[in-house]
Structure formats: structure tokens, C-alpha cells
Amino acid sequence: MKTYAIIIAVMLLGYTVPAQSRKLDFNPQRDGFHFRNDFINFPQTLHTQGLCGGMALSVFNYWRNKIPVPTHDNTGNYWPGEVVHTERVNQGVPPEGSALQQYIFNVQLTTYPSYTRTFVFPGFDTDENHFNWSLNDEFPRIVRAINEGKFVLLGLRNAHAGDLMGHQVLVYGYDKSNNRIFIYDSNFPDEEIHIDLDTRTHTLVHQHADGSATNMHYRSYFVALELDPNTVDGLTGAFRPGYTDMIAVDVPVVTNQPVSGRRFFGETIQVLVHVKNRGAFPANIQSFFLRAITPDNRAFDFPLQAGSGNLSSIAANAEFNCTATINNFGHMAGVYQLIPMYRNKYGIPVRMCYADLSAGRTGIVEMFDRSGNNPALFTAVTIYRMNVVQSGKAVEVESACFANGRKVQQFRENNADGPCAPDGKQQKWHIVPVVNGTTVRYRIMNIKYNKCLDIDNNNVIVNNDNGRPTQLWAIEPAGGGQYYIKSVANGTYVQVNSTNDGEALTLGNSSSSVNNKLLRIVASN
């Protein structure tokens, strides 16, 4: 009875039971490198082994910047290595001096200052101390970091007393029930590896996901770095990856012309995506496909036919077209986003980026209702991103911690500047239809601040929802997913007068034929 009473009391008090386990959205088969940490550095001279810290921190940087890791895995033995003093080294890893090896090596150098915690003073270097440090100090710190959405660069101390060498891995989850952490370990590519703190034997157990032993032994671990994906810091922020392999050269385009000037949902569309292996080595994937995001933010996938034969070995610099003919496309009027994707060698979906290694742009196709019932172009439940066509930059609220009257401006996507901006939600909006018969107007609400787009003289600002006409907007299609936004209160259009970060949105004249007034509006997440 006491147990039930406690449970009821907890429910009445609104207490939330802390999570017993959590994983961040990281999958070693998708987000980890597909080759083992078999690097020999400076093979002709120093001959040092491994780039574990560089590989762990690099995959975090790829993940944070939404750049797919290269698909290279040495299928076909295109990394034969080199012979040094009768020994073949660097077989199966990117060769020394290649762009990918140099990136990993440079990132490795940044991890060394954080690795000083591996040192233990004489007299404290006991097995019991090592285990207790891991269990009582480091594991709770990892749990806190993961609960805050942070990854952890973790140092592992080798199993032998006095051995100062060790290993570095990336932690992306935990399970309190068995004192377990989930790691990407570069010595075991494409695997989820577990480290358990065994309270019966007071040892660290490094094992495969199926529970079998890896035969790797460590005395303890320590948090080297907490890695916040939403914060650009001086140590890791300078290392945005500049290398990947499979990209879309441009956004998907619909190639067939509409029969009657407009496309109606349920018709056939033909789509073309131009892709390229911009890497220095062969790429390895299963297939290409197109993901369509509907106006009500649902996703549908359609296979793309690739103009290349062997997708498991796409030659470096090879480029070709992928096409799809999609019958009965769409189920409602509105704007559909078209996203180029591939399935990697494990069949896991990966969103392709573009030549500049960005992934924010999408193809656009606008579908209409043949019955003429097209009152609302946008739905209230969908989250949208608005980008100024002239600059490509996102429309956001100036970061000011929820204050009314703040200006609305353009800024690079996923801006994390300012005290209230690290999550990027100041760049996301609800567009709520206000329907009066056949006339549709919209309230445009920022999802971070829950405030409406409003006007103050000729300035565009945000305010609490007050029901006034200054917060009503007409959205006029300009084709291709582009729109003009007009104030219902005074008939003038939103515009931006430069391409600079921080440039305020203002109201111009009543003409909509100027490029600096065009905005692209797409569903986001």
C-alpha cells in the first residue's frame, strides 16, 4: 500500500520521474566513419598510431553541421597504404595528405589539451579509485550532458597502472539501469559499442551491442569535452567539415510542363536531380530517392532512377542525373518540398547536401485543387521557415529574450547568436489562416517567442497577439514556392534593402514586382 501511496502522491504533485535512459539522434551506421582507426601518423619518421580523438570529434562536427559523413569504406581496396621499412601501413584508411585525413588529423590536435585529465597522481592510481571516479563523478556528468542535448568526448584510461596512453570516443547516450553509455568507437566502425560499469566486479566492460566482448580493457573514463551542437565555440566551431562525397549539384526540379498552366494535385510530375561524387575516392550507396514534404508536413519517398551502373562504387568526380516519374502526386493543394536523399550501404536514409555543403534548400512544386477550393496556402499546425530570396537568409526575430517590439531581420540560417538564440527557433514560424468566405488572410507567429508579426510605422516587428489588423497579412504566390507578403493594414509589402546579416525587414510601397520583396516559404521541423 505504501508503494501505491507514493506513486499517487508523485502524480498529484506533478513530479516528473527522471529518464532512465536516453540516446541522441546519432547512429554509427549513418553518422560514423565507415573505416577503422588504423592510421599511422608520420610513417617515415615518428610512426605514431591512431587518430581516435580526431575521428570522434570529426563525426560530431559532421553531425552538428548536417553534412553527411563520406560513404568511403575502402570497398575495392582503393586505400592500399604504403610500405615503410618492409611493413605496409595505412592500409584501409584515407592516405596521408588527403583532404579527409588532413581534416581528421587537424581536429585530433585540438583534442590534446582536453586529454590532460588522463594523468593520475601516484598514490591515487588504484583500480578502486578509477572505478569510483567513473561511477560517482563521470557517469552522472555524462547523464546531465546528454539530458541537455550535448554529446561527450570521452577519454578512456588503459587497464594497466601507470599506462598514460588511452583512447577517445564519442558518447551519445546512457542507460542508468546498468550504468551504461552508448559510444561511437572508431576502432569498431559502423557499430554501437557499450561501456558498462559493473558494480559487482568494479570494472569497465567494453562490449558489442549484443553483449559479446570486444577484448578492449580500460580502467576508467573521464569527460574530456561536453559538446553542444547549438553552440559554436572557439575549439570545435572552427572545424566545419569541408569534405564529403555524394552531393546534389542543385535542388530537385520538376521538368514536365503543367497541362493547363497550373499543376493540380493527383497529376503526374517528372523530377530530375543532378548528383555528383565530389570526393577523392569511390562512394558506396544502395540507392537514391526523393523525399516529398507535403503542405501538412508529412513525408513520402519516391525512388530515383540513377544514371550510373554500380552504386556501390561511384567513381570520384562522377556526376549524373537521377530521375523519377511520379503518378498521382499530392493529396492537397499547397507547396511541396522536394529533398534529394540516398540510402547508404546499410539502407539508412541520408539527406544529401549541396556543393557548398549546405542542406537547407529544397526543390519546390506548387499544387492546386482542380475544384478551385484553394482557400489557404498554409496550415496552422505546420512549422515554416521564411527565407529572403535575394540573400537566401532566414527571417528571424532579433534575439532579445521574449520582448515585444523587437525587430524582425534576416540572418544566416540556424543563427545561434544572442542570449536567447542557440536553438534556432527564432527563425521558425506558424502561418495561421484567417478565413472569411473565400478571402484568406494570415497571422504569422514566431514559434520561439509566440508573438505575431506586426508593424510599427514602416518597421516589421513582433508583438503579443492582439487581434488588430496590423497583425494580418496577405500572402501572394509568385510561383516556384516564392511569395510576397503584404500588410492588410496599409497595403504595403515586406521588403529587405540589403543582403547583410541583421538587416531589418521593413514595409515598402504597394508594388510587388521587386526582387527584394520575394520570400521563399517552406515547411520546417
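The values are calculated or read from the model by the stated rules, or taken from the named source; none is laboratory data. Keep in mind that this is a model prediction, so the values were computed, not measured. Using ideal geometry, Cβ is built from the backbone for each residue, glycine included, and neighbour counts are taken over all protein chains shown.
Some observations on this one:
- Hey, Ala489 of a type in the set (A, V, I, L, M), farther than 17 Å from Met386 by Cβ and touching a residue at least 12 places away in the same chain (Cβ under 8 Å) or not: yes
Residue-by-condition table, conditions (1) assigned by TED's automatic domain parsing to the domain that holds Pro68; (2) modelled with pLDDT of 95 or more; (3) under 23 Å from the mean Cα position of the chain (by Cα):
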residue	(1), (2), (3)
Pro258	no, no, no
Phe264	no, no, no
Gln270	no, yes, no
Asn277	no, yes, yes
Arg298	no, no, yes
Gly307	no, no, no
Asn310	no, no, no
Ile326	no, yes, no
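- Meets criteria (free of Cβ contacts under 8 Å to residues at least 24 places away in the same chain, assigned to a strand (DSSP E or B) and either of a type outside the set (A, V, I, L, M) or touching a strand residue (DSSP E or B) at 6+ places or on another chain (Cβ under 9 Å) (or both)) for Asp454: yes
- Residues that are in a loop (DSSP other than H, G, I, E, B), under 25 Å from the mean Cα position of the chain (by Cα) and either closer than 22 Å to Pro252 by Cα or modelled with pLDDT of 85 or more (or both), drawn from the stretch 399-412: Arg412
- All told, Ile383 falls short of being free of Cβ contacts under 8 Å to residues at least 60 places away in the same chain, surrounded by fewer than 20 Cβ atoms within 10 Å (Cβ to Cβ) and in contact with a strand residue (DSSP E or B) (Cβ under 8 Å, 6 or more places away or on another chain).
- Here Asn284 passes the criteria (1) within 22 Å of Lys66 (Cα to Cα); (2) surrounded by fewer than 17 Cβ atoms within 10 Å (Cβ to Cβ) except the one numbered (2).
- Flag if Glu476 is modelled with pLDDT under 90 and within 33 Å of the chain's Cα centre (by Cα): yes
- Taking the stretch 332-393 and the strands (runs of 3 or more DSSP E) fully enclosed by it, the elements with 2 or more residues that are modelled with pLDDT of 95 or more are at 334-344, 349-351.
- Residues (more than 22 Å from Asn457 (Cα to Cα), among the β-branched types (Val, Ile, Thr) and assigned to a strand (DSSP E or B)) located in the stretch 481-525: Ile521, Val522
Here's the yes/no breakdown for (1) crowded, with 18+ Cβ neighbours inside 10 Å; (2) at negative phi:
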{"residue": "Thr255", "(1), (2)": "no, yes"}
{"residue": "Phe264", "(1), (2)": "no, yes"}
{"residue": "Ile269", "(1), (2)": "yes, yes"}
{"residue": "Val275", "(1), (2)": "yes, yes"}
{"residue": "Asp296", "(1), (2)": "no, yes"}
{"residue": "Asn317", "(1), (2)": "no, no"}
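- Pairs, first outside the structural domain of Val389 (by TED's automatic domain parsing) and crowded, with 16+ Cβ neighbours inside 10 Å in the stretch 499-511, second in a strand (DSSP E or B) and at pLDDT below 90, C-beta under 9 Å, six or more apart: none
- Boolean, Ala315 is outside the structural domain of Gln29 (by TED's automatic domain parsing) and more than 21 Å from the chain's Cα centre (by Cα): yes
- Of all residues in the stretch 59-108 being farther than 18 Å from His34 by Cβ and free of Cβ contacts under 8 Å to residues at least 40 places away in the same chain, the one that is surrounded by the fewest Cβ atoms within 10 Å (Cβ to Cβ): Thr86
- Restricted to the stretch 430-466, and to residues there that are surrounded by fewer than 21 Cβ atoms within 10 Å (Cβ to Cβ) and more than 26 Å from Gly334 (Cβ to Cβ), the residue that is modelled with the lowest pLDDT is Asn466.
- For the stretch 192-243, taking the residues that are surrounded by fewer than 16 Cβ atoms within 10 Å (Cβ to Cβ) and of a type in the set (Lys, Arg), the one that is modelled with the highest pLDDT is identified as Arg200.
- Among the residues of the stretch 305-329, those that are over 18 Å from Thr71 (Cα atoms) and either touching a Phe, Trp or Tyr at 6+ places or on another chain (Cβ under 6 Å) or part of a strand (DSSP E or B) (or both) comprise Gln305, Gly307, Asn321, Cys322, Thr323, Ala324, Thr325, Ile326.
- All of (1) touching a Phe, Trp or Tyr at 6+ places or on another chain (Cβ under 8 Å); (2) touching a residue at least 60 places away in the same chain (Cβ under 8 Å); (3) surrounded by 13 or more Cβ atoms within 10 Å (Cβ to Cβ) hold for Phe302 with one exception: (2).
- Which numbered condition Ser220 fails, given (1) free of Cβ contacts under 8 Å to residues at least 12 places away in the same chain; (2) assigned by TED's automatic domain parsing to the domain that holds Asp25; (3) part of a strand (DSSP E or B): (1)
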